[in-house]
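For reference, the structure is listed below as structure tokens.
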Amino acid sequence: MTEPASRTPEPTRAWVLHPDIPSKPGRRAPAFALEEAVALAAALPGLDIVGGDLVRLNQPRPGTLFGTGKVEELGALFKANDIELVLIDGPLSPVQQRNLEKDWKVKILDRTGLILEIFSDRARTREGVLQVEMAALSYQRTRLVRAWTHLERQRGGLGFVGGPGETQIEADRRAIDEQLTRLRRQLDKVVKTRELHRSARAKVPFPIVALVGYTNAGKSTLFNRVTGASVMAKDMLFATLDPTMRAIDLPDGPKIILSDTVGFISALPTELVAAFRATLEEVLTADLIVHVRDISDPETEAQAEDVREIVESLGVDPDTPQIEVWNKLDRLDAEAAERLRALAPRQPDVHLISAITGEGLDDLLADIATRISDPVLNDTLHLEFSDGRRRAWLFAQGVVEAERPGEDGVELDLRWTARQKETFSRL
């Protein structure tokens, strides 16, 4: 008897709500905020985004967020459209979530839960997976997670949208604390391994150039174009989560290590800022930060400000050189593109490029080479005859101009960079 073919589960029908609160500090343009919220929802597999709405709120209600009339109106809308999951683009208290789920008879996910679900789906490295789990547990610790098994047939996840493992997470706070302790121990081991790799890289005098930017700004496309790598690059929020590094030779310049990092987003959950700090450590140690912006996005200025605030909150040295790359020139109409081409040369720390067509990349790479190339120093150094290992390193670096033997060692005339001199001091 032939086995029946397994059917692909139907996607979960979802609706996106963006509560627009005029008095909220840092309020974004409502239409663009809703558009970003829908794009976030679309980044999570297994969902069918049926619709989205802006809901103006003069005063959020502590029990239900929305007023009684709006709760009833939305409930009827969701019932008429067979909605199973409502995504609310903002923070929800456990009480608000519980009350709305009871009234609407649907599962509800707030912005933090949605971003955590996306991160859970995308994390690939051991470190990334552990950090997502820790962030999720910290978030869940404050609320009771009810079983919701509709998506369990399709994907795992963190338990917000459904998946195995919910009963263990729901048990009690003590069980969650025990899990957090166990995960921290595992993460400590992974971080120590990363530190060893970083120490090994520190012995090689290659500058680190870190790409940062708002999610979907085109960092990974630029990274792939420059390095020839094949990092996932899609027109999708959070296409890249785990850091990727490649060593490349700049044209007419030094070798560098280029680092692609997770994209930032407005109102990034505090749990994730803390959890992904280790992932963003390459930004903290970078010799140059390249801030990639989607210059075609109407919200590019607000996005750039979000990135600057997060970079500052990470504790990046304010003296670390930074440049801006205005990407996606190919998406602008001819008039807007020409206007920017005329504007960019007046700003020495700005490059106008298209990572898709390659326009502007030669000038960008030349500027990076100039900025991270150390000035050359002339030195004379005395080494004992027994110090053969360090002498060999100097010759391998090609910095020895002349060598003169003496009674107790050798005199070396060197032409090297400050970076090479610092590395030599650690040998």
If amide hydrogens are placed 1.01 Å from N in the peptide plane, which non-local residues have theirs closer than 5 Å to the one on Asp89?
Leu17, His18
Given backbone amide H placed at 1.01 Å from N, residues whose amide H is under 5 Å from that of Thr125, ignoring those fewer than 5 places away on the same chain, are none
How do Ile295, Ile265 line up, fewest other C-beta atoms within 10 Å first?
Ile265, Ile295
Going through the cross-link list Lys192/Lys255; Lys192/Lys421; Lys107/Lys189; Lys107/Lys219, which pairs have a Cα-Cα distance over 30 Å in this structure?
Lys107/Lys189; Lys107/Lys219
Taking the stretch 48-106 and dividing mean pair separation by its residue count, relative contact order in percent (alpha carbons under 8 Å, at least six apart):
42
Output wanted: per-residue J couplings in Hz (rounded whole) for the stretch 362-378, from phi through Karplus 6.51 cos²θ - 1.76 cosθ + 1.60, θ = phi - 60°, x for Gly and Pro.
4, 5, 4, 5, 5, 5, 4, 4, 5, 6, 9, 7, 6, x, 7, 10, 9
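Please quote Rg/Rh for the stretch 35-152 to two decimal places, taking the Kirkwood radius as Rh and restricting both calculations to Cα atoms.
Working: Rg = 14.8 Å, Rh = 15.4 Å.
Rounded to two decimals, Rg over Rh is 0.96.
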For Phe385 paired with Lys255, estimate the spin-label separation in nm (one decimal), with each label point 7 Å from Cα along the Cα-to-Cβ line.
3.4
Give me the number: length gained by fully extending Ala334 to Arg415, i.e. 0.36 nm times residue separation minus the C-alpha to C-alpha distance, one decimal in nm.
24.3 nm
Between Asp374 and Phe395, what FRET efficiency follows from the Cβ-Cβ distance if R0 is 25 Å, with the result rounded to 0.05?
0.80
Residue-wise HN-Hα coupling along the stretch 177-183, computed from phi with Karplus coefficients 6.51, -1.76, 1.60 (Hz; x: Gly, Pro)
4, 5, 5, 4, 4, 5, 5
Based only on other Cβ atoms within 10 Å, what is the fewest-to-most ordering of Arg293, Arg426, Arg182, Arg98?
Arg426, Arg182, Arg98, Arg293
Can you check what the net charge comes to around Glu401, using other residues whose Cβ is under 13 Å from the Cβ of Glu401 (Lys, Arg +1; Asp, Glu -1)?
-2
Length-normalised contact order for the stretch 376-425 - Cα pairs under 8 Å, 6+ apart - percent
49
In which sequence would Arg122, Arg141 go, from the one with the fewest C-beta neighbours within 10 Å to the one with the most?
Arg141, Arg122
Sorted by chain and number, the residues with a modelled amide H under 5 Å from that of Ile356, at a separation of 5 or more or across chains, are Lys328
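No value in this document is a laboratory result; all are computed from the given coordinates. Keep in mind it's a predicted model, so treat the numbers as computed, not measured. Because the Cβ atoms are built from the backbone with ideal geometry, glycine has one as well, and the counts that use them run over all protein chains shown.
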